[in-house]
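Structure first, commentary second.
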Amino acid sequence: MAIEWLDHTADAGFRASGASIEIAFCEAARALFSLMFAVECIDARTEFQITLNAATLEDLLIEWLSELLVQKDLSGLVFSRFELVISGNETVGFSASGRALGEPLDRVRHQPGTEVKGISYLGLAVSCQDGIHTAQVVVDV
Amino acid sequence: MRERYDLTERTSGEWLMPKQGNMAVPGMIFADRETIDRLLQDEDCDAQWSALSQVRHVAELPGIVGASIALPDIHPGYGFPIGGVGAFDANTGVVVVGGVGFDINCGVRLLSTPLTRSEIAPSLEQLGETLFRAVPAGLGAEGNLRMSVADLDDLLRLGSEYLVARGIGSTQDLEFTEEAGCMSNADPSCVSDRAKQRQFRQVGTLGSGNHYLEIQVVETILDPQAAEAYGLFNEQIVLSIHTGSRALGHQIGQDYLKEMAQAATKYGLHVPERELACAPIDSAEGRRYLAAMACGANCAFANRHMIAHLVRSAMQHATGLDPSNVRTIYDIGHNNAKFETHRVNGQLRKLLVHRKGSTRAFGPGRDEAPAAYRAVGHPTLVGGTMGTASYVLHGTDAGMAKTFGSGIHGAGRALSRKKAAKKFWGETVRTDLLSHGIHLWTHSIRGVAEEAPGAYKDIERVVQASCTSGITQPVARLRPLAVIKG
């Protein structure tokens with residue numbers, strides 16, 4: 001996993017990176033679920049479709065991660081694999097469509113850890129340098 | 001590169017951050033020198049986020065009054081620092097979602113029993129086991145209360161009162177809960193359906209992370225008069241419940257962060273960082289957030305109330321103690337914003353006081369405290385770690401003048417969760433605790449490593465700093481005997 005954990009004492013921050021913006025976002029989602037569960041123990045056998053819109057890529061990252069938190073509670077599913085296509089630009093805004101794959105929560109097999117309460121704007125950044133896309137966020141745990 | 005903060009120690013343990021740049025008021029930090037040195041070191045290392053810059057940013061917000069305040073458990077948060085207090089003029093100030101956070105009205109309820117340590121000793125393990133099974137805890141746990149949409153709206157409007165009307169708990173609980181367990185400006189129509197849908201299965205659940213249920217013993221009485229008023233005595237068994245507004249509060253926070261960002265732009269407000277997105281208190285957006293936040297606060301009161309009910313049943317099952325003998329000493333939140341009247345430069349002013357990781361700690365004589373406690377001051381409940389003491393303190397007149405009647409809420413983390421998980425091993429933490437006579441039940445041994453006592457600052461120093469500056473005074477020291485974690 002292309003994740004760098006950031007040192008925030010009260011909460012948890014991470015920087016996810018990949019060769020495309022989509023990979024960076026999907027890695028960020030996996031980092032989010034790895035804070036809460038043993039993601040390697042989650043079978044990607046059920047899918048949940050997601051479509052999102054936001055004015056900026058930073059806002060899209062917040063929408064993406066917070067939507068996954070919501071669906072965890074509403075569907076009872078936990079996720080380990082993510083697929084996403086992002087389109088748009090700064091002028092018209094951005095949209096994303098894709099799916100999260102996982103299975104119903106198993107409180108033994110998935111080894112629950114600490115719940116993520118929300119996705120904050122602190123340190124929020126989406127960038128691209130030398131062909132590497134990164135998505136950085138701090139979440140409240 | 002950040003600006004170096006030129007902090008000056010005005011009196012022992014009180015540090016002034018002078019006004020500079022866009023600051024509307026100075027910063028005031030109540031902490032010992034070691035804490036200040038560590039905060040300054042963060043600045044020197046150009047840490048990605050620092051609590052001092054968060055103090056400064058809060059001082060830049062419109063309508064802030066007096067100072068941007070940080071208490072001895074200060075550490076970096078998002079928006080406000082943890083241990084941060086910001087008071088805003090009710091007419092010209094702003095309401096800040098980041099001054100409350102995602103876990104609205106997270107707090108502590110302390111329950112008393114007539115039992116002593118020696119009386120509980122034979123049944124301690126059975127009681128711990130019964131509590132562990134009775135109180136839903138950990139990620140994905142569901143509460144026992146089934147409710148309709150209308151029921152949930154009533155709970156958000158009425159808080160703990162809703163449960164008392166259904167025969168859960170008693171009016172004694174309400175009398176000894178901050179706000180009597182109900183913030184009256186709650187309006188469920190300001191809460192999204194999504195927030196409500198997330199909450200249906202979470203009423204009466206403890207959660208995870210730093211939330212806990214502990215059986216504690218009153219190890220030391222530090223102020224006999226206040227302890228007597230609060231109903232505390234040496235060697236007494238008490239129970240602490242630390243939890244908040246669960247998914248409902250989390251979703252309100254997430255929803256309104258977005259709405260406030262738009263509002264800040266609409267009203268042309270100076271927002272030093274995005275997490276401090278805000279709206280005028282006297283605006284449609286500001287009022288809507290406060291009405292939703294009150295729903296979150298009521299949800300948290302009701303959540304702790306419901307767990308207290310489960311604790312009473314478990315106590316009866318394990319020890320035969322009648323539930324009426326398990327009384328609420330106090331229930332107080334540490335993530336909220338409240339309208340309060342304070343004397344500022346000799347004049348009474350109505351303020352919206354945000355406390356992020358800070359509790360009310362009103363001095364003697366305030367109407368907001370239960371009548372039985374009014375002579376000694378408002379109790380504040382300071383949570384320790386699994387292996388260290390918790391404290392009951394009381395507010396003071398000095399605190400009213402210096403911190404808008406605000407006190408510390410806990411030890412404060414010293415290590416990030418990732419660092420703690422690398423440094424500690426959950427099973428070793430459990431063994432260490434047991435060697436000190438502390439039993440642990442948990443749904444997540446991995447969470448135990450993250451919450452290891454060594455990941456937190458020394459609560460004794462934090463309490464000492466708070467009491468040295470006079471903003472609170474100690475009443476009792478509580479020691480954990482059994483810990484239930486999510």
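Each reported figure results from applying straightforward, stated rules to the coordinates on display, with no laboratory input. Computed from a predicted model, the values in this text were never measured in an experiment. So basically every Cβ, Gly included, is an ideal-geometry build from the backbone, and we count neighbours across all protein chains shown.
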Any aspartates and glutamates whose Cα falls less than 12 Å from that of residue B:457, other than same-chain ones fewer than 8 residues away, would be B:34, B:73
Based on the alpha-carbon set only, what is the convex hull volume of the range A:1-81 divided per residue, in Å³?
112 Å³
Over all residues in B:446-452, what is the mean tally of Cβ atoms on other chains that come within 10 Å of each residue's Cβ?
3
So which lysines pass the test for residue A:72, namely a Cα distance under 22 Å, with those fewer than 8 places away in the same chain ruled out?
A:117, B:196, B:258, B:485
Measure of compaction for the range A:3-140 (Cα Rg per 2.2 N^0.38 Å):
0.99
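How do B:426-439, B:153-166, B:404-417 rank on mean C-beta neighbours within 10 Å, highest first? Don't skip to the end; give the middle numbers.
Numbers: B:426-439: 15.5, B:153-166: 21.9, B:404-417: 25.7.
Most protected by this proxy first, the peptides run B:404-417, B:153-166, B:426-439.
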Fully extended, how many nm does the chain gain between residue B:91 and residue B:345 (0.36 nm per residue separation, minus their Cα-Cα distance)?
89.7 nm
Reach of residue B:19 by Cα under 28 Å, taken over lysines that are not fewer than 8 positions away in the same chain:
B:266, B:338, B:350, B:356, B:402
Give me the log10 of I(q) over I(0) for chain B at q = 0.10, 0.12 Å⁻¹, as the Debye formula computes it from C-alpha points; what are the numbers?
-0.69, -1.03
Gap separating the Cα centres of the range A:36-66 and the range A:105-141, nearest whole Å
10 Å
Furthest towards positive pole of dipole, A:85, B:5, A:131, structure part the protein assembly as shown, Cβ charges
B:5
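Is the shape of the range B:294-429 rounded, prolate or oblate, going by the alpha carbon gyration tensor and its root eigenvalues a ≥ b ≥ c, with a/c under 1.5 for rounded and a/b larger than b/c for prolate?
Working: a/c = 2.11, a/b = 1.30, b/c = 1.63.
The shape class here is oblate.
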Here P(r) for the range B:1-144, Cα-Cα distances in 10 Å bins, as whole percents, is 10, 31, 22, 15, 17, 5, 0
Averaged across the residues of A:66-78, what count of C-beta atoms belonging to other chains lies within 10 Å of each residue's C-beta?
4
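Among B:72-82, A:107-117, B:384-394, what's the highest-first ranking by average C-beta atoms within 10 angstrom per residue?
On the way: B:72-82: 28.8, A:107-117: 20.8, B:384-394: 24.2.
Per-residue Cβ counts within 10 Å, averaged per peptide and sorted highest first, yield B:72-82, B:384-394, A:107-117.
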